[in-house]
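Have a look at the structure below, then the notes.
The values are calculated or read from the model by the stated rules, or taken from the named source; none is laboratory data. Every value quoted in this text rests on a predicted model; they were computed, and no experiment measured them. When we count neighbours, we look across all protein chains shown, and the Cβ atoms used for this are built from the backbone with ideal geometry, even at glycine.
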Amino acid sequence: MTTVQVVQEALDKANLTERDLSAVAVTIGPGLSLCLRVGVQKARNIASRFNLPVVGVHHMEAHALVARLIERELQFPFLALLISGGHNLLVLAHNLGQYTQLGTTIDDAIGEAFDKTAKWLGLDLRRSGGPAVEKLALEGDSQAVKFSTPMKQHKDCNFSYAGLKTQVRLAIESRNIDATIPISSASSQDRNSRADIAASFQRVAVLHLEERCQRAIEWALKIEPSIKHLVVSGGVASNKYVRARLDQVVRKNSLQLVCPPPSLCTDNGVMVAWTGIEHFCVGRYDPPPSVIEPEDFVYDLRPRWPLGEEYAEGRSEARSLRTARIHPSLTSLIQASMQQQS
């Protein structure tokens, strides 16, 4: 079945026709070039078939904006913490498409740390590592293993989980835990050791988020004193412990925590569609593609695409956008477009 046939079948099930569609939204970055190309090609194929405009979407912006679909009182400006398997990002959302980056991932993201910890503990990874670690942590003592909190000496909002991963691996080795033995087959003592490591890891991993969010709130309130919400989205935002701890941080600062439901925290089409709607409504889209595009057509793919400009106090010398960037940030592109229109 072709992509167009799949879309047509979905329309039929929803009792819709192509006349009910206004545009096609598709992620154009950041991400792996090959994956982005497949998605963009399919989206342009659909758009040309139904003569619809195309809205290019920033993947991380989609994670942040899907909260506005659920929480209608969520207005700009707001602060957003985006936490997933591949990236951590703290941004101040001034308006649609206009963001200031307060903190970013220096090495490994928190989701990657959860996944590796789950693998090393011999947990069931069919649902991914995060839920497995969270479940096991309920059985353990979160103070049993004294892991060090990452980047305590760095007074910024950036994230690092590579060192914590190393601490976890060493703790597992020192307790002679054999990850080839599934936890379901482990002895009672061995299971307790694994649970203590899981609980201790989760506590410190989330404490790192708490400390960064507290500083980000302080910075954000200096820039935009009217902010009222912290949005937490991305796959790791499904973790109940993460939500509970961050809720304490925002309440202490008289803010409100907004988290999409777990089904909308992981990568999904709804968040891309919603972000496409937001931009389409303000006239940001490309015209319908031609029915037949030339073989040498250059697709607009942005594998490394910052969401916003770096906040001066939050700039990381270890991973500065000045050296890591390929494409101008979404914010700078939109600001340039607005200046041309005026």
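The table below gives the values:
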| read-out | value |
| --- | --- |
| Tabulated pairs, segment 250-274, first closer than 16 Å to residue 26 by Cα, second of a type in the set (D, E, K, R) and part of a helix (DSSP H, G or I), C-beta under 8 angstrom, 6+ apart or interchain | 274/68 |
| Residue 250 of a type in the set (Val, Ile, Thr), surrounded by 14 or more Cβ atoms within 10 Å (Cβ to Cβ) and either modelled with pLDDT of 85 or more or part of a helix (DSSP H, G or I) (or both) | yes |
| Hits in segment 278-298 (condition: aromatic (Phe, Trp, Tyr) and in a helix (DSSP H, G or I)) | 280 |
| Subset of segment 307-330 (residues that are among the charged types (D, E, K, R) and either over 18 Å from residue 223 (Cα atoms) or modelled with pLDDT under 85 (or both)) | 313, 315, 317, 319, 322, 325 |
| Filter result (farther than 19 Å from residue 212 by Cβ, β-branched (Val, Ile, Thr) and either part of a loop (DSSP other than H, G, I, E, B) or in contact with a His (Cβ under 6 Å, 6 or more places away or on another chain) (or both)) within segment 106-146 | 145 |
| Qualifying positions in segment 180-206 - assigned to a loop (DSSP other than H, G, I, E, B) and either at pLDDT 95 or above or among the hydrophobic types (A, V, I, L, M, F, W, C) (or both) | 181, 186 |
| Test for residue 267: is it surrounded by fewer than 22 Cβ atoms within 10 Å (Cβ to Cβ), among the charged types (D, E, K, R) and under 30 Å from residue 52 (Cα atoms) | yes |
| Residue match in segment 254-277 (condition: closer than 17 Å to residue 44 by Cα, in a loop (DSSP other than H, G, I, E, B) and modelled with pLDDT of 95 or more) | no |
| Criterion violated by residue 160 - all others in (1) free of Cβ contacts under 8 Å to residues at least 40 places away in the same chain; (2) under 21 Å from residue 211 (Cα atoms) satisfied | (1) |
| Pairs where the first residue, in segment 32-54, is over 22 Å from residue 281 (Cβ atoms) and the second is polar (S, T, N, Q) and part of a loop (DSSP other than H, G, I, E, B), C-beta under 8 Å, 6+ apart | 48/290 |
| Lone qualifier among 100, 166, 117 - being more than 30 Å from residue 336 (Cα to Cα), among the hydroxyl-bearing types (Ser, Thr, Tyr) and in contact (Cβ under 8 Å) with a residue 60 or more places away in the chain | 117 |
| Residue within segment 54-62 that is touching a Phe, Trp or Tyr at 6+ places or on another chain (Cβ under 6 Å) and closer than 23 Å to residue 238 by Cβ present | no |
| Subset of segment 1-39 that is exposed (fewer than 12 other Cβ atoms within 10 Å of the Cβ) and basic (Lys, Arg) - its residue that is modelled with the highest pLDDT | 19 |
| Some residue of segment 161-177 being in contact with a strand residue (DSSP E or B) (Cβ under 8 Å, 6 or more places away or on another chain) and not aromatic (Phe, Trp, Tyr) | no |
| Residue list for segment 299-315, filter: over 16 Å from residue 29 (Cα atoms) and part of a loop (DSSP other than H, G, I, E, B) | 311, 315 |
| Breaking point among (1) under 14 Å from residue 206 (Cα atoms); (2) among the hydrophobic types (A, V, I, L, M, F, W, C); (3) buried (at least 22 other Cβ atoms within 10 Å of the Cβ), for residue 147 | (3) |
| Close pairs (7 angstrom Cβ cut-off, 6 or more residues apart or separate chains): under 12 Å from residue 45 (Cβ atoms) and surrounded by 10 or more Cβ atoms within 10 Å (Cβ to Cβ) in segment 283-296, of a type in the set (D, E, K, R) and at pLDDT 85 or above anywhere | 289/44 |
| Breaking point among (1) within 21 Å of the chain's Cα centre (by Cα); (2) β-branched (Val, Ile, Thr); (3) surrounded by fewer than 20 Cβ atoms within 10 Å (Cβ to Cβ), for residue 117 | (3) |
| Test: residue in segment 165-176 that is in contact with a Gly (Cβ under 9 Å, 6 or more places away or on another chain) and surrounded by 14 or more Cβ atoms within 10 Å (Cβ to Cβ) | no |
